[in-house]
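Notes follow once the structure below has been shown.
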Amino acid sequence: MTSPLLQINHLKVNRQDTIICNVEEFEIQPRERVAVIGPNGSGKTTLLRVIAQLESSYSGDILIDPALSQSIYVHQTPVMFRGTVLFNASYGLICQGVPPQDRETVAMTALETLGIASLAHRSCRQLSGGEKRRVAIARAAIVKPALLLLDEPFADIDQTGSDAICELLFSLTETAIVVASPQPVPHQLDCRKFEI
């Protein structure tokens, strides 16, 4: 049995004397896909923030594999950089020093998979919420992180867009993926369900 990428025990996050996240035990195996399911306010986003090391005020034990230094968290409302869709999708590859022609090819392939290649040269200021979410998922996926954390990636997405996101995520065979959602995620992602 392989060692988990991440293991959490007895996690509690308090805000103003109120527990906003309470997880007794949670772990992520390498290349595993996990759906964290729960109603609004159940602590899904907080759990993802703890995993992404964006939360420091909590109690409990968290063991993190060094490989998780390469993890990406896509927020519910993704941040877009100034510029075009193609620039945003390519941003991680730009940071990695990938040559312009190579990164454009990779980014365009991801945008095509997500059904938004026609938006490549549009300003991100002109995108809908669902389109921004797909651009952010493309930007995160193409750098192939060890762990990809997605906070409600299927919100504001129609069935065609949902299927396209699943196709892109399913191609990340070496990436562990955690999806937070208030309802069950598409079955084709083949996720282990974790209720919170």
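A short reminder: the numbers here are calculations on the coordinates, not readings from a lab. Keep in mind that this is a model prediction, so the values were computed, not measured. FYI the Cβ positions are ideal-geometry reconstructions off the backbone, even for glycines, and counts take in every protein chain you see.
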Could you size up the charge dipole of segment 1-77 around its Cα centre, putting +1 on the beta carbon of Lys and Arg and -1 on that of Asp and Glu, and report it in debye to the nearest 20?
280 debye
Residue (of Leu5, Thr46, Gln96) at the positive-pole extreme of the chain, dipole from beta-carbon charges:
Gln96
If you take the beta carbon distance between Arg15 and Lys193 as r and set R0 to 35 Å, what does 1/(1 + (r/R0)^6) give as a FRET efficiency, to the nearest 0.05?
0.85
What is the packing order of peptides 17-24, 32-39, taking the mean over residues of other C-beta atoms within 10 Å and listing the highest first?
32-39, 17-24
Under the rule of -39500 (n - 2.57) per DSSP H run of 4 or more residues, summed and divided by the residues of the chain, what mean residue ellipticity at 222 nm is obtained, to the nearest 500 deg cm²/dmol?
-9000 deg cm²/dmol
Once R0 is set to 25 Å, what does the formula 1/(1 + (r/R0)^6) return for the Cβ-Cβ distance between Ile94 and Ser128, expressed as a FRET efficiency to the nearest 0.05?
0.55
Starting from the Cα of Lys12, draw a straight line to each of the lysines and keep only those under 17 Å, dropping any in the same chain fewer than 8 residues away.
Lys44
Rg followed by Dmax, in Å, when segment 13-102 is reduced to its Cα trace
16.6, 53
Tell me, what is the percent relative contact order of segment 54-196, built from C-alpha pairs under 8 Å that lie six or more residues apart?
28 percent
Within the chain, which complete DSSP H helices have Cα atoms spanning at least 15 Å along the helix axis and a mean Kyte-Doolittle hydropathy of 0.5 or higher?
85-95, 159-170
Set Lys and Arg Cβ to +1 and Asp and Glu Cβ to -1, take the dipole of segment 6-195 about its Cα centre, and tell me which of Pro145, Val185, Ala110 lies farthest positive.
Ala110
How are the C-alpha pair distances of segment 6-195 spread across 5 Å bins, as whole percents from the shortest bin up?
1, 8, 17, 20, 20, 15, 11, 6, 3, 0, 0
